[in-house]
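K.L.:
Here it is, the structure, as structure tokens.
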Amino acid sequence: MKICVYPGSFDPFTIGHLDVLTSAASLFDKVYVGVLNNTSKNPVFTPDERVEMIRKVIDSYSMKNVIADQFNGLLVEYAKKINAGYLIRGLRAITDFEYEFQIDAMNHHLAPDIKTVYFMSSPAHSFLSSSTIKEVVSLGADIKGLVPDCILDKITERLNKK
Ligand code: PNS
């Protein structure tokens, strides 16, 4: 069985993440969306809230082979724990490449048998990031179409102060 982890902060999950997740779910037998339980990045949503939102997305798109989970510590150790042989990352633009190159080199050093598979964002979503979504919604912008509909209200209620 081919198992992969799609790791990230997902603060919050966007339509760009959904793009990558849909591609991964069509290629792998089982996909774990691994929410990094990090304290250093000052997330707006708690890990539990992020997992809950991703579960709503999974339900709403009937993704039967996708599981939302959270992890602490090293990604490759989490991957080993759940028997995942592959990591999934999305690439939006050349600016992502250097960061991803560093992560890949470190993960490869730590666990050479675990391979990373990259999906290019669709051009329509290449400008999207969780940070820009948080910024524009907090300034009053409508983010419909930029995040999955089923989590739009939760994100807007938390961040839109106008
Ligand atoms: O969506 P993000 O925030 O760019 O995801 C980054 C993530 C979660 C993939 C990365 O920070 C990570 O794997 N963190 C866990 C710690 C780890 O394993 N670090 C080694 C690779 S640099």
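K.L.:
What is the diffusion coefficient of segment 108-162 in µm²/s, taking the Kirkwood radius over Cα pairs and the Stokes-Einstein relation at 10 °C with a viscosity of 1.306 mPa s? Before the final figure, lay out each step's value.
P.N.:
On the way: Rh = 13.4 Å.
Roughly 118 µm²/s, to the nearest whole number.
K.L.:
Same structure again: Can you list the HN-Hα couplings for segment 87-103, worked out from phi with the Karplus curve (6.51, -1.76, 1.60; θ = phi - 60°), rounded to whole Hz and with x for Gly and Pro?
P.N.:
10, 10, 9, x, 10, 9, 8, 4, 5, 6, 4, 5, 4, 5, 4, 5, 4
K.L.:
Shifting gears a bit: Quantify, in whole percent, the carbon and sulfur part of the accessible surface of the chain (1.4 Å probe; protein heavy atoms only). Before the final figure, lay out the partial values.
P.N.:
Numbers: 4870 of 8830 Å².
Carbon and sulfur atoms account for 55 percent of the accessible area of the chain.
K.L.:
Would you mind working out the accessible area per residue for the chain, using a 1.4 Å probe, and quoting it in Å²?
P.N.:
Working: 8830 Å² over 162 residues.
For the chain, the per-residue accessible area is 55 Å².
K.L.:
Mean residue ellipticity at 222 nm from the helices of the chain, using -39,500 (n - 2.57) per DSSP H segment of n ≥ 4 over the full residue count, to the nearest 500 deg cm²/dmol? It would help to have the intermediate numbers written out before the result.
P.N.:
Working: 6 runs with 71 residues, N = 162.
Calculated mean residue ellipticity at 222 nm is -13500 deg cm²/dmol.
K.L.:
Just to be sure I understand: with springs between alpha-carbon atoms less than 10 Å apart, which residue in THR14, THR95, THR116 has the highest mean-square fluctuation in the Gaussian network model of the chain?
P.N.:
Maximum fluctuation in the GNM of the chain, among the listed residues, is at THR95.
K.L.:
Accessible area of ARG55, 1.4 Å probe, to the nearest 10 Å²?
P.N.:
120 Å²
K.L.:
For segment 40-72 and segment 94-162, what is the separation of their C-alpha centers, rounded to whole Å?
P.N.:
For segment 40-72 versus segment 94-162, the Cα centre distance is 13 Å.
K.L.:
Hey, what's the Kirkwood Rh for segment 1-97 if you take every pair of different alpha carbons, in angstrom? Walk me through the intermediate numbers first.
P.N.:
Details: mean 1/r = 0.0736 Å⁻¹.
After inverting the pairwise mean of 1/r, the radius is 13.6 Å.
K.L.:
While we're on this one: Among ASP29, ASP149, ASP96, which one moves the most in a GNM of the chain with springs linking Cα atoms closer than 10 Å?
P.N.:
The residue with the greatest mean-square fluctuation here is ASP96.
K.L.:
Further question: Just to be sure I understand the curve: with the Debye formula and one point per C-alpha of segment 75-147, what is log10 I(q)/I(0) at q = 0.25 Å⁻¹?
P.N.:
With no solvent term, the Cα-only Debye profile gives -1.07.
K.L.:
Here's something else I'd like to know. Please state, rounded to one decimal and in Å, the Kirkwood hydrodynamic radius that the chain gives when every pair of distinct Cα atoms enters the mean of 1/r. Kindly include the intermediate steps, with their values, before the conclusion.
P.N.:
Values: mean 1/r = 0.0620 Å⁻¹.
About 16.1 Å, per the Kirkwood formula over Cα pairs.
K.L.:
I've got another one for you. State which entries of LYS2/LYS115; LYS80/LYS134; LYS41/LYS134; LYS56/LYS154 exceed 22 angstrom in Cα-Cα distance in the structure shown. If you can, show how the numbers build up before the last one.
P.N.:
Numbers: LYS2/LYS115 12 Å; LYS80/LYS134 33 Å; LYS41/LYS134 14 Å; LYS56/LYS154 11 Å.
LYS80/LYS134, as the Cα separations exceed 22 Å there.
K.L.:
What Kirkwood Rh does segment 8-48 have if only Cα atoms enter the pairwise 1/r average? Answer in Å. Please list the in-between numbers first.
P.N.:
Working: mean 1/r = 0.0882 Å⁻¹.
Averaging 1/r across every pair of different Cα atoms and inverting gives 11.3 Å.
The values are calculated or read from the model by the stated rules, or taken from the named source; none is laboratory data. Keep in mind the model is a prediction, meaning the values are calculated, not measured. We work out accessible area using only protein heavy atoms, side chains counted, and drop any ligands, DNA or RNA first. Shrake-Rupley method; radii C 1.70, N 1.55, O 1.52, S 1.80 Å.
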